[in-house]
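Report on the structure given below.
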Amino acid sequence: MNLFRSAATVGGTTFLSRVLGFVRDMMVAAAIGTGPIADAFIVAFRFPNMFRSIFAEGAFNSAFVPLFAKRLEGEGEASARRFAEDATAVLLAALLLLTIAFEIAMPWLMWLFAPGFGDDPQKQAWAVQFTRVCFPYLLFISLTAVQTAVLNSLGRFFAGAAAPVMLNVTMIAALLLLVPFSENPGLALSWGVMVAGVIQFVWLAISCHRAGMSLRLRRPRLTPEVKRLLSLGVPGLISGGIGQLNLTIGTMIASLQAGAVSWLYYADRIYQFPLGIIGIAIGVVLLPDLSRRLRAGDDDGAHRSQNRAIEYAMLLTVPAAVALAVIPFDIIKVLFERGHFTRADTHATSLALLIYAVGLPAFVLNKVFSPAFFAREDTKTPLRFAAVSIAVNIVSSFILFQFFAFAGIAAGTTIAAWTNTAQLGLRLWRHGHFVPDAQLLQRLPLTVLASAGMGGVLYAGSRALAPWFDLHFLASVSVLGALVVGGIAAYAIFCQLTGAARYADIVRPLRRG
């Protein structure tokens, strides 16, 4: 498996999913805006999204992949399949109990997750109703996480990366076919989330069957291998899902200000676009690659993989962060300002996006550094760092919220992300597990320089094109697209001029089989 070819597969599929996600969010913004129904649905949607990120991209993947790969290489497919089936049975049993408990306790849990909703009984009731409909999604997405991890370990990354496409397509269908005929659009969207979980599970089940790795449902048993998985997975539950946990904390505090939940959600959706395409894609592919190299004793190869992963991640992330910081208002205005989404919402959301952009490189680096711990079956160290990061997020968000309202929450999330990145990077460096090579040290500053040049071009272009952003939807999207393409072209030129990257350096790894 070639690391960058596989990352390109995951990233390209994720790109399609995020584009569909933007279409979905534009339709949601136009349909429900940022009012009480929107706040209630977004809180409900946070639940399955949080668990999707933690299980599919975090804890389960980080703990399961090294153990499954070890069984696959050492004992063969039959033993690896049995381990996956045992893990699935225990996970499903635990989540069934969790789902039942959450369904019963949802009215009380909502006071914890959205304390500000208590001032509006109708919003509180909607949030409870919507979340009860959405929450069973967790069962299906957790089974999907097992199937995705199995396929990733076999070097088959497309099916798992394509699963989120099913969520977006299903929700778009709900917006087109259910919302116009529903008395409560939030409830219709919640059912769309639930149905999407079933569709994703079926898609991955078919993919596993085609890969010769169908998983049967067994009676739950705490075998020694499953106990080992749990010992690794429980710490990873927090460390692998640190980003979603911090966003959930932000949502809890944001519920104290009307509209803030929605503003932060839409800003989050924008910066999650490059994070998903770059950070998550590289992290998902890097983990099995490092696991195999370390088991083979190829420490030099592991260092090379990690250095190139950081180099390529920053080559794509830094310019994305600069772009989001330079033209956030134009992005939000063109994508969301219509229907119930007002100019005031655009100003608020674009401010949150600017602040999140400052933390984007940290969010991506977290996804690149974490596999170095997980591949060594060390999930406790990232857990300790995650605990510190969560504490920083809670304290800074709460304090800054008193002075800067919702913008303080975004700042707290960004500060926490950089705190976590610094801890992960320094620990790897001190233990000799992260050794920056000369190429990485040379090209990182050049990447920042090229990105700054691109930022200047984007700023000048946005000022010149400002009147065109007030045109009808298709025209304004076309103008924004042209601005983005121009920024990409400018960045490519600056990369060539500064030496941050050469065309051959990008193309060569993608061509290797």
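The values are calculated or read from the model by the stated rules, or taken from the named source; none is laboratory data. Keep in mind the model is a prediction, meaning the values are calculated, not measured. Glycine gets a Cβ as well: all are built from the backbone with ideal geometry, and neighbour counts include every protein chain shown. Ligands, DNA and RNA are excluded from the accessible area calculation, which covers all protein heavy atoms including side chains. Shrake-Rupley method; radii C 1.70, N 1.55, O 1.52, S 1.80 Å.
The table that follows gives values for the structure above.
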{"item": "P(r) tail fraction, the range 74-141 - alpha-carbon pairs more than 14 Å apart, %", "result": "66 percent"}
{"item": "Sequence of Val368, Val435, Val326 when ordered by accessible area, the most exposed leading, probe 1.4 angstrom", "result": "Val435, Val326, Val368"}
{"item": "Label point 7 Å beyond Cα of Arg210 along Cβ direction - residues of the range 163-203 with amide nitrogen under 16 Å", "result": "163-166, 200-203"}
{"item": "Whether the range 57-170 is rounded, prolate or oblate, judged on the alpha carbon gyration tensor where a/c under 1.5 counts as rounded", "result": "prolate"}
{"item": "Per-selection Rg to Rh, the range 327-370 - Cα, Kirkwood hydrodynamic radius", "result": "1.16"}
{"item": "Nearby lysines by direct alpha-carbon distance to Lys70 (threshold 30 angstrom, same-chain neighbours under 8 apart not counted)", "result": "Lys227, Lys367, Lys380"}
{"item": "log₁₀ of I(q)/I(0) at q = 0.12 Å⁻¹ - the range 349-447, Debye sum with one point per alpha carbon", "result": "-0.46"}
{"item": "Neighbourhood net charge (9 Å Cβ-Cβ; Lys/Arg +1, Asp/Glu -1) for Ala89", "result": "+1"}
{"item": "Overall form of the range 275-356 per C-alpha gyration tensor (a/c, 1.5; a/b vs b/c)", "result": "prolate"}
{"item": "Arg384/Thr342 FRET efficiency (R0 41 Å; Cβ-Cβ; nearest 0.05)", "result": "0.40"}
{"item": "FRET E, pair Val485, Ala405, Förster distance 30 Å, beta-carbon r, rounded to 0.05", "result": "0.30"}
{"item": "For the chain, calculated [θ]222 nm from helices alone, where every DSSP H run of n ≥ 4 adds -39500 (n - 2.57)", "result": "-28000 deg cm²/dmol"}
{"item": "Within the accessible area of the chain (1.4 Å probe), percent carbon and sulfur", "result": "69 percent"}
{"item": "The range 391-513 shape via C-alpha gyration tensor axes, a/c threshold 1.5", "result": "oblate"}
